[in-house]
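Q: So that we are looking at the same thing, I have put the structure below in structure tokens.
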Amino acid sequence: MGIAEGKRLADYGLSSERLLMEGKGPGAFEQEIARMEKLVLATTLDKAIAWAQTHSMWPDTFGLACCAIEMMAVPGPRYDLARFGMEAFRNSPRQADLLIVSGRVSHKMAPPLRQIYDQMLEPKWVMAMGVCASSGGMFANYAVLQGVDRIVPVDIYVPGCPPRPEGLLEGIVRLHERVMAGVPPAYELGEEIC
Amino acid sequence: MTGYEHIPGLIGVKEDRGETTVLVEKERLSEAALHLQGELGFNFLSDIAASDYLGWGGETAGSWGSADGRDLNVPYTLGLDLVPEPKPKRFSLSYHLLALRADPVRVRLQTWLDEGETVASVVSVWPVADWLEREAYDLMGIVFEGHPNLVRVLMPDDWAGHPLRKDYPIGGEPVRFSEEA
Amino acid sequence: MTATVSDSVFTGPVLYEGTRIPSPVPSWVQVDPARLEDGNVREVNFGPNHPSTHGVLRLVVDLDGEEIVGMRAVVGYLHTGFEKSMEQKSWWKAINYPSRIDYLSTFQNELLFVLAIEKLLAIKVPTKATWIRTALCELNRIHSHLVWLGTMGLELGIQSIYFYCFEQRERVLDLFEMVTGVRVHGRYCQAGGLAEDIPPGFVPDARTFCAGMSKAIDQYVHMTERNKIWLKRTRGIGVVSAEDAIRLGLSGPVLRGSGVNWDLRKREPYLFYDQVDFEVPVYNGGDSYARARVRIDEMRQSLRIAEQCLDRIEELAGDPWISDDRKVVLPPREELQTSMESLIHHFKLVTEGYRVPAGEVYVAIESSRGEQGCYVVSDGGSNPWRVHFRAPSFLSIAAAPTLCQGHLIADLIAISASLDTLLGDSDR
């Protein structure tokens, strides 16, 4: 399948909020997809597998700090995560698909984080939730790892301090779109993402 | 509250902004601690706060003014006390004590020490001091003699240096515009 | 590395008889050598990534079968360097940091730091601002206890209480969003008052919330009191005597669960707690059940306080919400067009920030977890010289081994949940 040059996600039946902006050229997201289309050669079976993966992508309970509380609110009654099939937060990384790094990662916590990531089975995705996980946030100091992408490959970054639950859901939806578009998880893409 | 005169090793008592600070000699800290806990009834140790005064008295922290010369724009001072009073030694160690009873009293037991000096541990007086002293050791490098388990508590075990000291860099990574104040 | 121990400089009395605090290290229950030989002792690691430790806490537990015979806690996995970061920023900018320390009692933490700044500045805060602060503090306390109850229930087997609590939590956060613009980490307190006036719809909406919350608390009591599993898993578990609790520096609901009637809101009132009617729940059990009941009852009392505050806020509508001392507080924007002094003040405040007179203060408030304290040293400049936070969770975690000794592994979950520790608060 892939996404041909000049085409947009909408042409493939996927939704993106950029559709609302008529006349706007393919944005960075679509350009990235187009750039990676050489890596992608999806068949109908691949599409079916991607559909299944996005509809029950179970997160790992990796809540660290304030973002974890907003992450805990997402399976709650108002922002129901169960409609995405993701309310089953697995405690064991062996059973989890998505590692949502929610909160600041201190240097002492970095080895356990990498260990949890390594224990997850492929295919696995990583979401850096919040600015602390994305780039160190407001803590540019000795104690905090300046961005979790220094030790694990990240698929999607969700900014915010903390991101609203709707923001986290937007990140999840974008990740699902990515997977459906046939984009491989970040560990297969190597340096191009990090 | 009276009764502070009999604290062993007392150097002075200061009252400021409604708080009482009792200064004692470092060598007699443990006797002072016992006296405060036993005789004066301060049974609750709230906090042990260590502070590093390296570089105190030069430019005031973060300001554009300098230590010499009057700066009329400084609020509340008319420029007269721009230079804060000098400190006796490099580190201050403040024990925030509370007499937990119907008429509570708070006091700050303070002692001063230099780099390389050690101070007695008060773990046997107030067991809560166990982790509080470990934190002061970990982040400031103050060694407490007599502490049964003085190892790092917040930083990784193999960390070098004591991060909250003034000569320890802030770390992180340079961010755009960070050189300008 | 351990410090070299020379001749002991201190020969104090041994701890009083009957204490359960382990010796020689108060925070480390060491395995009895006899047990090591006879029993089947294994060292097990809980965390740092564990669903039930409420954050990145690592507990190294020695288990003989299911019984806990040795335990110590390892923290620092969330150490963020708040204190050092705050030294680099001006006073105004540093107010952003404390909310992130105890990320459930966010408003109370930023209020604590601002109270310390105001004590150093000796600035007068308008009455209305103090009433709003009191109301928001209590709503924040309710928020923290809701998350605590939701997660504790989830771990002890009442999974549905998580949904009930988080439903109400969303309503509290709606109120905070109305006032501060964001759900958490509002950064609403300023030295001298508050950043902005409360919006007009706040008081009626808050009253609606209080009415609904009152019924919800009845539901929570029903769900816990009549649940045999909850009762069996918390009664008699993790007992700490009043003496031990004071020696271990425990405060807040943990201390009140052991029978000590100590609440800073009554004993050393700050804000307007001396002008509102409320009770302090104290239970004598010293076990996890007592601590849990204290918090549930506290939620009810917080509602009571909040309702009284709302009445006063309504009376004071139209009053200023921040001090008018232009050396510390930004002038209103309209003034900048007419007054030269206001323009200069605005310029100095935005570029350099206000200067806080030299001195050191220690301010303590009763946060949801206990006595939260802030020690601030100023040298007269526009940055803090030293900021140190006294974290109740740090000490609760240090005390956890004392409470857990002799219990079973499943009780460890109940005890650590009843202590309501928060690693952001502990590790700062």
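The values are calculated or read from the model by the stated rules, or taken from the named source; none is laboratory data. Worth saying up front: this structure is predicted, and the values here are computed from it rather than measured. FYI the Cβ positions are ideal-geometry reconstructions off the backbone, even for glycines, and counts take in every protein chain you see.
Q: Name the one entry in B:136, B:102 that is buried (at least 16 other Cβ atoms within 10 Å of the Cβ) and at the interface with chain C (Cβ under 10 Å from one of its Cβ atoms).
A: Values: B:102 fails: buried (at least 16 other Cβ atoms within 10 Å of the Cβ).
Exactly one residue qualifies, and that residue is B:136.
Q: Answer yes or no: is there a residue in the range C:49-67 that is at pLDDT below 90, under 30 Å from residue C:351 (Cβ atoms) and within 12 Å of chain A (Cβ to nearest Cβ).
A: So far as the range C:49-67 goes, no, none of its residues is at pLDDT below 90, under 30 Å from residue C:351 (Cβ atoms) and within 12 Å of chain A (Cβ to nearest Cβ).
Q: Right, something else. Of all residues being touching a residue at least 40 places away in the same chain (Cβ under 8 Å) and touching a Gly at 6+ places or on another chain (Cβ under 9 Å) in the range B:87-99, which is farthest from residue B:164 (Cα to Cα)? Just the residue, please. Give the derivation first.
A: Quick first cut of the range B:87-99, residues touching a residue at least 40 places away in the same chain (Cβ under 8 Å) only: B:91-99.
Then drop every residue that is not touching a Gly at 6+ places or on another chain (Cβ under 9 Å), which leaves B:91, B:96, B:99.
Numbers: B:91: 11, B:96: 19, B:99: 29 Å.
If we take residues in the range B:87-99 being touching a residue at least 40 places away in the same chain (Cβ under 8 Å) and touching a Gly at 6+ places or on another chain (Cβ under 9 Å), then B:99 is farthest from residue B:164 (Cα to Cα).
Q: Exactly one condition in (1) at the interface with chain C (Cβ under 10 Å from one of its Cβ atoms); (2) part of a loop (DSSP other than H, G, I, E, B); (3) surrounded by fewer than 23 Cβ atoms within 10 Å (Cβ to Cβ) is false for residue B:89; which is it?
A: Exception for residue B:89: condition (1).
Q: Filter the range C:61-80 for residues that are without any contact (Cβ under 8 Å) to a residue 40 or more places away in the chain, in contact with a Gly (Cβ under 8 Å, 6 or more places away or on another chain) and either surrounded by 24 or more Cβ atoms within 10 Å (Cβ to Cβ) or not in a loop (DSSP other than H, G, I, E, B) (or both) and give the result.
A: The first filter runs over the range C:61-80 and keeps only residues without any contact (Cβ under 8 Å) to a residue 40 or more places away in the chain, leaving C:62, C:64-65, C:74.
After this cut, where a residue has to be in contact with a Gly (Cβ under 8 Å, 6 or more places away or on another chain) as well, the list is C:62, C:64-65.
C:62, C:64, listed by residue number.
Q: Show the residue pairs meeting these rules: Cβ distance below 7 Å; 6+ apart or different chains; first residue within the range C:153-170 and facing chain A (nearest Cβ under 9 Å) and touching a residue at least 12 places away in the same chain (Cβ under 8 Å); second residue assigned to a helix (DSSP H, G or I) and of a type in the set (Phe, Trp, Tyr).
A: As it stands, the answer is C:164/C:220, since those pairs meet every condition given.
Q: Looking at this structure, is residue B:130 within 14 Å of chain A (Cβ to nearest Cβ), surrounded by 17 or more Cβ atoms within 10 Å (Cβ to Cβ), assigned to a helix (DSSP H, G or I) and without any contact (Cβ under 8 Å) to a residue 40 or more places away in the chain?
A: Details: within 14 Å of chain A (Cβ to nearest Cβ): no; surrounded by 17 or more Cβ atoms within 10 Å (Cβ to Cβ): yes; assigned to a helix (DSSP H, G or I): yes; without any contact (Cβ under 8 Å) to a residue 40 or more places away in the chain: yes.
So residue B:130 does not fit the description; no.
Q: Scan the range C:19-31 and report the pairs whose first residue is closer than 16 Å to residue C:73 by Cβ and whose second residue is assigned to a loop (DSSP other than H, G, I, E, B), with Cβ atoms within less than 6 Å and a gap of 6+ or a chain change.
A: The qualifying pairs are C:21/B:127; C:25/B:148; C:25/B:149; C:26/B:127; C:29/C:22; C:29/C:405.
Q: Count, please, the residues in the range C:385-402 that happen to be at the interface with another protein chain (Cβ under 7 Å from one of its Cβ atoms) and assigned to a helix (DSSP H, G or I).
A: First pass over the range C:385-402, keeping only residues at the interface with another protein chain (Cβ under 7 Å from one of its Cβ atoms): C:385-386, C:388, C:390, C:394-395, C:398.
Checking which are assigned to a helix (DSSP H, G or I) leaves us with C:394-395, C:398.
Residues that pass the stated criteria total 3.
Q: Another one. State which residue is farthest from the other protein chains (Cβ to nearest Cβ) when the search covers only the range A:119-169 and only residues that are charged (D, E, K, R) and not in a loop (DSSP other than H, G, I, E, B).
A: Applying the first criterion (charged (D, E, K, R)) to the range A:119-169 yields A:122, A:124, A:149-150, A:155, A:164, A:166.
Subsequent filtering for residues that are not in a loop (DSSP other than H, G, I, E, B) retains A:149-150, A:166.
Values: A:149: 13, A:150: 10, A:166: 11 Å.
Checking each candidate, the answer is A:149.
Q: Can you name the condition, by its number, that residue C:382 falls short on among (1) away from chain B (no Cβ under 12 Å); (2) in contact (Cβ under 8 Å) with a residue 60 or more places away in the chain; (3) not aromatic (Phe, Trp, Tyr)?
A: All conditions pass for residue C:382, except number (1).
Q: Residue A:44 is checked against (1) of a type in the set (Val, Ile, Thr); (2) within 8 Å of chain C (Cβ to nearest Cβ); (3) loosely packed, with under 14 Cβ neighbours inside 10 Å and fails just one. What number does that condition carry?
A: Tallying (1) of a type in the set (Val, Ile, Thr); (2) within 8 Å of chain C (Cβ to nearest Cβ); (3) loosely packed, with under 14 Cβ neighbours inside 10 Å, residue A:44 fails exactly one: (2).
Q: Next up: Taking the conditions exactly as written (aromatic (Phe, Trp, Tyr), surrounded by 18 or more Cβ atoms within 10 Å (Cβ to Cβ) and under 19 Å from residue C:262 (Cβ atoms)), does residue C:283 satisfy them or not?
A: Spelling it out, residue C:283 is indeed aromatic (Phe, Trp, Tyr), surrounded by 18 or more Cβ atoms within 10 Å (Cβ to Cβ) and under 19 Å from residue C:262 (Cβ atoms).
Q: Might you let me know whether the range A:89-105 holds any residue that is closer than 22 Å to residue C:76 by Cβ, within 14 Å of chain B (Cβ to nearest Cβ) and not in a helix (DSSP H, G or I)?
A: The answer is yes; a qualifying residue exists.
Q: Only one of (1) within 14 Å of chain A (Cβ to nearest Cβ); (2) touching a Gly at 6+ places or on another chain (Cβ under 8 Å) fails for residue C:97. Which number is that?
A: (2)
Q: Kindly establish whether residue C:154 is over 30 Å from residue C:326 (Cα atoms) and assigned to a helix (DSSP H, G or I).
A: Working: over 30 Å from residue C:326 (Cα atoms): yes; assigned to a helix (DSSP H, G or I): yes.
Answer is yes for this residue.
Q: For residues that are of a type in the set (Gly, Ala, Ser) and surrounded by fewer than 22 Cβ atoms within 10 Å (Cβ to Cβ), scanning just the range A:138-156, find the one that is modelled with the lowest pLDDT. Spell out the reasoning first.
A: Filtering the range A:138-156 for residues of a type in the set (Gly, Ala, Ser) gives A:140, A:143, A:147.
Applying the additional criterion that residues be surrounded by fewer than 22 Cβ atoms within 10 Å (Cβ to Cβ) yields A:140, A:147.
Values: A:140: 87, A:147: 90.
Filtering the range A:138-156 for residues that are of a type in the set (Gly, Ala, Ser) and surrounded by fewer than 22 Cβ atoms within 10 Å (Cβ to Cβ), the one modelled with the lowest pLDDT comes out as A:140.
Q: Answer with yes or no whether residue C:44 is more than 8 Å from every other protein chain (Cβ to nearest Cβ) and either among the aromatic types (Phe, Trp, Tyr) or closer than 25 Å to residue A:111 by Cα (or both). Lay out the reasoning, then the answer.
A: Values: more than 8 Å from every other protein chain (Cβ to nearest Cβ): yes; either among the aromatic types (Phe, Trp, Tyr) or closer than 25 Å to residue A:111 by Cα (or both): yes.
Yes; evaluated as a whole, the condition is true for this residue.
Q: Related question: Among the residues of the range C:194-218 satisfying the criterion of being acidic (Asp, Glu) and more than 25 Å from the chain's Cα centre (by Cα), which is surrounded by the most Cβ atoms within 10 Å (Cβ to Cβ)?
A: Step one: list which residues in the range C:194-218 are acidic (Asp, Glu), which gives C:196-197, C:205, C:218.
The next check asks that each one be more than 25 Å from the chain's Cα centre (by Cα); those that pass are C:197, C:205.
Values: C:197: 18, C:205: 14.
Only one residue fits best here, namely C:197.
Q: A follow-up question, please. Please give the helices (runs of 4 or more DSSP H) falling wholly within the range C:223-324 in which 3 or more residues are away from chain B (no Cβ under 14 Å) and free of Cβ contacts under 8 Å to residues at least 24 places away in the same chain. Spell out how you get there, then give the answer.
A: Working: elements: C:228-234, C:242-247, C:253-256, C:264-267, C:288-315.
The helices (runs of 4 or more DSSP H) meeting that bar are C:288-315.
Q: Tell me, which residue of the range B:1-50 that is in contact (Cβ under 8 Å) with a residue 60 or more places away in the chain and over 29 Å from residue C:255 (Cα atoms) is nearest to the other protein chains (Cβ to nearest Cβ)?
A: Restricting to residues being in contact (Cβ under 8 Å) with a residue 60 or more places away in the chain and over 29 Å from residue C:255 (Cα atoms), the top hit is B:26.
Q: Taking the range B:1-49 as the region of interest, how many residues are among the charged types (D, E, K, R) and touching a Phe, Trp or Tyr at 6+ places or on another chain (Cβ under 8 Å)?
A: Step one: filter the range B:1-49 for residues among the charged types (D, E, K, R), giving B:5, B:14-17, B:19, B:25-28, B:31, B:39, B:47.
If we keep only those that are touching a Phe, Trp or Tyr at 6+ places or on another chain (Cβ under 8 Å) as well, we get B:19, B:26, B:47.
Going through the range B:1-49 one residue at a time, the tally reaches 3.
Q: Next question, about the same structure. Out of (1) of a type in the set (Ser, Thr, Tyr); (2) within 20 Å of the chain's Cα centre (by Cα); (3) more than 14 Å from every other protein chain (Cβ to nearest Cβ), what's the single condition that is false for residue C:342?
A: (2)
Q: Condition test on residue C:142, is it within 20 Å of the chain's Cα centre (by Cα), in a helix (DSSP H, G or I) and touching a residue at least 12 places away in the same chain (Cβ under 8 Å)? I'd like the intermediate steps shown before the answer.
A: On the way: within 20 Å of the chain's Cα centre (by Cα): yes; in a helix (DSSP H, G or I): yes; touching a residue at least 12 places away in the same chain (Cβ under 8 Å): yes.
Yes; evaluated as a whole, the condition is true for this residue.
Q: Just to verify a result, which residue in the range C:222-242, among those that are over 17 Å from residue C:255 (Cβ atoms) and of a type in the set (S, T, N, Q), is surrounded by the most Cβ atoms within 10 Å (Cβ to Cβ)? Reasoning before the result, please.
A: Of the residues in the range C:222-242, the ones over 17 Å from residue C:255 (Cβ atoms) are C:222-237.
Subset that is of a type in the set (S, T, N, Q): C:224, C:227, C:234.
Numbers: C:224: 22, C:227: 16, C:234: 25.
Filtering the range C:222-242 for residues that are over 17 Å from residue C:255 (Cβ atoms) and of a type in the set (S, T, N, Q), the one surrounded by the most Cβ atoms within 10 Å (Cβ to Cβ) comes out as C:234.
Q: Next question. Which condition number does residue C:410 fail, the rest of (1) facing chain B (nearest Cβ under 7 Å); (2) more than 18 Å from residue B:54 (Cβ to Cβ); (3) surrounded by fewer than 24 Cβ atoms within 10 Å (Cβ to Cβ); (4) not hydroxyl-bearing (Ser, Thr, Tyr) being met?
A: Among (1) facing chain B (nearest Cβ under 7 Å); (2) more than 18 Å from residue B:54 (Cβ to Cβ); (3) surrounded by fewer than 24 Cβ atoms within 10 Å (Cβ to Cβ); (4) not hydroxyl-bearing (Ser, Thr, Tyr), the lone unmet condition for residue C:410 is (1).
Q: Being more than 29 Å from residue B:17 (Cβ to Cβ), more than 14 Å from chain A (Cβ to nearest Cβ), not hydrophobic (A, V, I, L, M, F, W, C) and not in a strand (DSSP E or B), is that true of even one residue in the range B:161-178?
A: No, there is no match, as no residue in the range B:161-178 is more than 29 Å from residue B:17 (Cβ to Cβ), more than 14 Å from chain A (Cβ to nearest Cβ), not hydrophobic (A, V, I, L, M, F, W, C) and not in a strand (DSSP E or B).
Q: Filtering the range A:104-135 down to residues that are in contact (Cβ under 8 Å) with a residue 24 or more places away in the chain and of a type in the set (Gly, Ala, Ser), which residue is farthest from residue A:50 (Cα to Cα)? Let's see the steps before the verdict.
A: Let us first name the residues in the range A:104-135 that are in contact (Cβ under 8 Å) with a residue 24 or more places away in the chain, namely A:104-107, A:109-110, A:113-114, A:116-117, A:119-134.
Next, only the ones that are of a type in the set (Gly, Ala, Ser) stay: A:106, A:110, A:128, A:130, A:133-134.
Values: A:106: 34, A:110: 30, A:128: 21, A:130: 26, A:133: 26, A:134: 26 Å.
It comes out as A:106.
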